[in-house]
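Working notes, structure below.
Values in this text are rule-based calculations from the coordinates and carry no lab data. Predicted model only: the values in this text are computed from it and were never measured. Using ideal geometry, Cβ is built from the backbone for each residue, glycine included, and neighbour counts are taken over all protein chains shown.
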């Protein structure tokens, strides 16, 4: 079975043998995917959603399909620290929450309250604020259920869900500081978190780009049938290669302009996206070039988030 066997429709998708995917079209800012792995009375949830309402709806659908409620979920894995994959954690009141150590540290730095404040301040931020509102205003950052990981790891670890072996593979820093793949080898399924954006533009907050390209190679080497991305439709290895090709392309194009002395801003404007320009949120090239430039120069400082949202707004316009 290939990716064409599943449609990109909102809701719960049965992948077979107790594995499920929760999809949220259109896959743009905040509209993330999640997963559920069940064997007998044991279960593992892969990620929660951007606010509590969205997560409640997902958990209700999972209960209807499996008979397992939020209180029955034994393990929750956060693939990375971004709020659209963590802001419903607290609804799984009895779950052990597992994340990489790097993700757990990153979760402490940006809260839903911070995002709520930015949305409220947006009307006074001009074009940047209008852009911020357009992508985040539909989420309720005042209605979240934040809960930090209770167990962390580095490298790899395996957990059991009934008789199923689930492999947690740290491939970050890449998209964020501590990205994790969730591989179910017996079911030939991998949940990739935001290592994969399908039909949408990847956004590289952390890098280095070589780690992200290597993460794609790790997925390509797996014997998997269903690949559930962090955003976008269920895909196959052709979808993985497209993401990898994009990363290689922007790395090459940004490097040329860095060596020629262009600023990151000018490079973001100058790079021709070609077919990638039709991908959702193409303006994320601004963040990607900024991260690449900081990598090339050895700059380990944090990105200027407000400046980057301003540049994305400019590119979007």
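Between the alpha-carbon centres of region 40-68 and region 221-288 there is a gap of 31 Å. The length gained on full extension between residue 266 and residue 306, counted as 0.36 nm times the residue separation minus their Cα-Cα distance, comes to 12.7 nm. In percent, rounded to a whole number, the relative contact order of the chain is 17, using alpha-carbon pairs under 8 Å and six or more apart. List the residues of region 29-52 whose backbone N lies under 19 Å from a point placed 7 Å from the Cα of residue 61 along the Cα-to-Cβ direction. Those under the cut-off are 29-38, 44-52.
Between residue 101 and residue 245, what length comes free when the chain is fully extended (0.36 nm per residue of separation minus the Cα-Cα distance, one decimal in nm)? Could you put the intermediate results ahead of the total?
On the way: separation 144, 0.36 × 144 = 51.84 nm, distance 2.90 nm.
Extra length available between residue 101 and residue 245 comes to 48.9 nm.
Please work out whether region 3-316 counts as rounded, prolate or oblate from its C-alpha gyration tensor, where a ≥ b ≥ c are the square roots of the eigenvalues and a/c under 1.5 means rounded, while otherwise a/b larger than b/c means prolate and anything else oblate? Cα axes put region 3-316 in the prolate bin. Compared with the direct C-alpha span, the chain from residue 14 to residue 163 gains 51.8 nm at full extension, assuming 0.36 nm per residue.
Its DSSP H runs of at least 4 residues, each contributing -39,500 (n - 2.57), put the calculated 222 nm mean residue ellipticity of the chain at -11000 deg cm²/dmol, to the nearest 500. Anyone know which of 51, 41, 26 comes out most mobile in the 10 Å Cα GNM of the chain? Among 51, 41, 26, the largest GNM mean-square fluctuation belongs to 41.
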